[in-house]
Amino acid sequence: MEAVERGSHGARSRVLEGYLMATLFYEPSTRTRLSFEAAMRRLGGEVLTTENAREFSSAAKGETLEDTIRTVEGYSDIIVLRHFESGAARRAADTANIPVINAGDGPGQHPTQALLDVYTIKREIGTLDGIKLGLVGDLANGRTVRSLAYLIAKYQNIKIYFVSPDVVKMKDDIKDYLNSQGVEWEESSDLLEVASKCDVIYQTRIQKERFGERIDLYEAARGKYIVDRKVLDVLPKHAVIMHPLPRLDEITVDVDSDPRAAYFRQAKNGLYIRMALLKLLLVGH
């Protein structure tokens, strides 16, 4: 897909010509929505899109998700759904007769992000087996780290470190899953110590939107673990720093110039992964 994307600047790919993708986003998004839409267009397909469907679709009138999906599938060949409720993508898939891609369901899962994250780790580090991965930040609400923990568990000799404020620790369902897969993990409050051991530091934003009215808890969690020059000083030379973005202040901007800062390369990899997914789901190999 990287080669296809490079070539599309000349002769446009026609792999998905005649296919129509509907992006139905009930939560804000920049990278996920635009990369899916770019992926579809790079492959010659067309896009129907709604941004902020929570306010600007019939959901605002009280229409159920199931009825919306039944309607939208009549207009399109594949649906990309982001929703604020955990489990919404499963409900949509159970309703639809066309493919539904989960582009994030509340604090639940973000599987296409996990695919691009694993692809990025493989490209940056050269392997997926035997890596030490530090997951940092909002682990309770961060669907990206939940999905990444599930996917990385399929590889051999993985060690995961959870580094987070007490109010947003990784939930037990993920820990139980890792235990069931024989994946070693531990919780730590010392980011510098963890960074000195890791191949990948995966930083995440403290998600203010998940705290509701408990702004005091948000303020207590925000700013506790920041990737800065001190982290770079102890991070192994071969290691990388990743972030699903958007970032606020949890990675300082002076980190961006370090070759180990992989988060913008990571975002670009989302285009290739989503191109591949759309092709697989619509036309196969």
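The values are calculated or read from the model by the stated rules, or taken from the named source; none is laboratory data. Computed from a predicted model, the values in this text were never measured in an experiment. Every residue, glycine among them, receives a Cβ derived from its backbone with ideal geometry; neighbour counts consider all protein chains shown. Heads up: the accessible areas ignore ligands, DNA and RNA and are worked out on the full protein's heavy atoms, side chains in. Shrake-Rupley method; radii C 1.70, N 1.55, O 1.52, S 1.80 Å.
The phi torsions of the range 79-90, fed into the Karplus equation with coefficients 6.51, -1.76 and 1.60 and a -60° offset, translate into couplings of 10, 10, 10, 10, 9, 7, 9, 4, x, 5, 5, 5 Hz, rounded to whole numbers, with Gly and Pro shown as x. Accessible area per residue for the range 1-106, computed on protein heavy atoms with a 1.4 Å probe, is 49 Å². Amide hydrogen proximity for GLY142: with H placed 1.01 Å from N in the peptide plane, no residue at 5 or more positions away or on another chain lies under 5 Å.
All other residues whose Cβ lies under 10 angstrom from that of GLU5 are scored, Lys and Arg at +1 and Asp and Glu at -1, for a net of +2.
Probing with 1.4 Å while keeping every protein chain in the model, the per residue accessible area of the range 133-285 equals 44 Å². Of all DSSP bridge pairs formed entirely within the range 111-266, close to 0 percent run antiparallel. Ligands, DNA and RNA left out, the accessible area of the chain computed with a 1.4 Å probe is 49% carbon and sulfur. Protection proxy ranking, highest mean first, for peptides 81-89, 160-168, 122-130: 160-168, 81-89, 122-130, where packing is the per-residue count of other beta-carbon atoms within 10 Å, averaged. Compared with the rule-of-thumb size 2.2 N^0.38 Å for a compact globular protein, the chain has a Cα radius of gyration ratio of 1.02. Reported value for the range 1-106: 95 Å³ per residue, from the convex hull of its C-alpha atoms.
By definition, a body whose alpha carbon gyration tensor gives a ≥ b ≥ c is oblate when a/c is 1.5 or more and a/b is not larger than b/c, and the range 160-225 fits this oblate description. Percentage of Cα-Cα pair distances in the range 111-266 greater than 19 Å, rounded to whole percent? So the portion of pairs separated by more than 19 Å is 49 percent. Here the 3J(HN,Hα) profile of the range 198-204, calculated from phi with Karplus coefficients 6.51, -1.76 and 1.60 at θ = phi - 60°, is 9, 8, 9, 9, 10, 8, 9 Hz, Gly and Pro shown as x. In this simple spin-label approximation, THR127 and ASP258 carry label points 7 Å from Cα along the Cα→Cβ vector, and these lie 2.3 nm apart.
Separation of the range 1-48 from the range 117-155 is 25 Å, based on Cα centroids. For the range 1-45, what does the alpha-carbon gyration tensor say about shape, rounded, prolate or oblate, given a ≥ b ≥ c as the root eigenvalues, a/c under 1.5 as rounded, and a/b over b/c as prolate? Note, shape of the range 1-45 comes out oblate.
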